[in-house]
Amino acid sequence: MPLVPDSTPTPPLRGAVLGLGMLGRHHARLLQASERVAFAGAVDPGGDRFAAVRDPGLVFGSVGELLAAGPLDFAVVAVPTEEHAPVAVELAGRGVSVLVEKPLAASVAEAREIVVAVEAAGVHGAVGHVERCNPALVELRRRVGEGQLGEVFLIATERVGPFPDRVRDVGVVKDLATHDLDLVRWLGGAPVERLAAQTQHRMGRVHEDLVLVTGRLESGVAFNCTVDWLSPTKVRRTRVLGERGMLVADTLTADLTFYANGEVSSEWSSAQALRGVSEGDATRYALARREPLLVELEGFVDLLEGRPDPRVVTLREGLEVRRRVDAGRRRRAGEDRAAAGGGGRARRARGDRL
Ligand SMILES: NC(=O)c1ccc[n+]([C@@H]2O[C@H](COP(=O)([O-])OP(=O)(O)OC[C@H]3O[C@@H](n4cnc5c(N)ncnc54)[C@H](O)[C@@H]3O)[C@@H](O)[C@H]2O)c1
């Protein structure tokens, strides 16, 4: 330790936002409000349509203009999914760490490009799978880890609601189901061993608007994800079922409820032989609620400051999620080709790819 401590204060990290759309405006709000980072500005060729940036002089038309205005430690990439790779690769190449919105990229090849560019540049990278910062899911995972449910059998997610008109470049699989594929692995604590999927195109868009995914983790836990843009009400529910009961997280309201198996004894010996469950007590937990996007940002800043944070979703995890999406699509396409020789089966399979 030096005799005279270095009293030079460390300047705060300088962060920016790329893309001032539906999500980027919230990142801009949080960066400007943060006491831990200095807001370096935002880039959006379309300008600041939500008036998210207090100082209009900090809205730039390109990464080059942003960097010319001052040094930059990190950037949140909240541009349309198709643009993630070019933007993240450019930033990494200029020595800027990146927190890339989910899904990591529009294709596996592009996701890999981002991983390679970030690792080659020696900067930090992470993916914004913000559901992992939802208080209800964080607490659910903690309780499952502590063994509250005993052995876990099933993880089921439901993410349905009306179509958000802003999403032009991808379908429900990349935009929403990537959340679920990340969640089942994270909650189940094991990689996906296999999955199958059904999709539907009901709105006349080129991209799918409904997907049902069913699969199994390497640990043997079964999972099921129901995701669509066709439902007239928004539902965000994750259910984990085990031998002692079920935990249900509502991520819209950040509520977590435990449904215990009942402890009803039976004197009827043949009924005792059937090992079904009955309804027990239901408990809704009181949780401290913090904005998930803020928790995600804090985790990333911790990482940049040299304190790796378990809340940070690594680029390699984001790449694995993208791989799973494509594996499901290839399997589905193979089934379609096989069905194409089979008359009526081919018609049923058409328009039904993941
Ligand atoms: N984590 C979540 O839960 C969550 C929720 C919504 C969106 N997202 C992700 O965030 C990303 C953005 O989604 P959105 O809904 O905000 O989209 P959006 O269309 O509302 O906004 C995107 C913005 O990026 C700008 N843009 C386009 N190309 C750019 C470039 N090269 N540089 C800078 N800006 C550029 C556009 O002008 C637009 O303002 C998508 O990848 C989406 O999947 C994640």
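A few notes on this one:
- With N counted as the residues of the chain, its alpha-carbon radius of gyration over 2.2 N^0.38 Å works out to 1.12.
- When the GluC sites (Glu not before Pro) in the range 150-223 are filtered for DSSP coil states and for at most 15 other beta-carbon atoms within 10 Å of their beta-carbon, the remaining sites are Glu151, Glu218.
- Here the relative contact order of the chain, from alpha carbon pairs under 8 Å that lie six or more residues apart, stands at 15 percent.
- Reducing the range 58-77 and the range 160-216 to their Cα centroids gives an inter-centroid distance of 33 Å.
- Per-residue 3J(HN,Hα) values for the range 87-97, derived from phi via the Karplus relation 6.51 cos²θ - 1.76 cosθ + 1.60 with θ = phi - 60°, read 5, 5, 5, 4, 5, 4, x, 9, x, 9, 6 Hz in sequence order (x marks Gly and Pro).
- Share of Cα-Cα pairs in the range 13-123 lying beyond 22 Å, as whole percent: 25 percent
- A crude spin-label estimate for the pair Ser278 and Glu146, with each label 7 Å from Cα along the Cβ direction, gives 2.8 nm.
- Three semi-axes of the equivalent ellipsoid, the range 103-245, Cα gyration tensor, whole Å, largest first: 25, 22, 14
- For Arg216, net neighbour charge (Lys/Arg +1, Asp/Glu -1) across residues whose Cβ lies under 9 Å away: -1
- Restricting the range 101-192 to trypsin sites (Lys or Arg not before Pro) in coil, as DSSP defines it, with at most 14 other Cβ within 10 Å: Arg166, Arg168
- Low-density loop cleavage sites - trypsin sites (Lys or Arg not before Pro) in the range 1-104, where at most 15 other Cβ are within 10 Å (DSSP): Arg36, Arg49, Arg54, Arg94
- With R₀ set to 25 Å, the beta-carbon distance separating Arg36 from Arg94 gives a calculated FRET efficiency near 0.65.
- Relative to the longest principal axis of the Cα atoms of the chain, helix 315-340 runs at roughly 50 degrees.
- Per residue, the convex hull spanned by the Cα atoms of the range 57-103 amounts to 74 cubic angstrom.
- Close amide H partners of Val76, meaning residues 5 or more places away or on another chain with modelled amide H under 5 Å apart, are Ala16, Val17, Leu18, Leu99.
- Inter-centroid distance (Cα atoms) of the range 298-317 relative to the range 9-30, Å: 16 Å
- Database remark: amide H of Ser231 closer than 5 angstrom to the amide H of Gly161 (H placed geometrically; neighbours at sequence offset of 5 or more, or on other chains; Pro and chain starts carry no H).
Each value in this text was obtained by applying a stated rule to the coordinates, not by laboratory testing. Computed from a predicted structure; not experimentally measured. Glycine also receives a Cβ, built like all others from the backbone with ideal geometry; neighbour counts cover every protein chain displayed.
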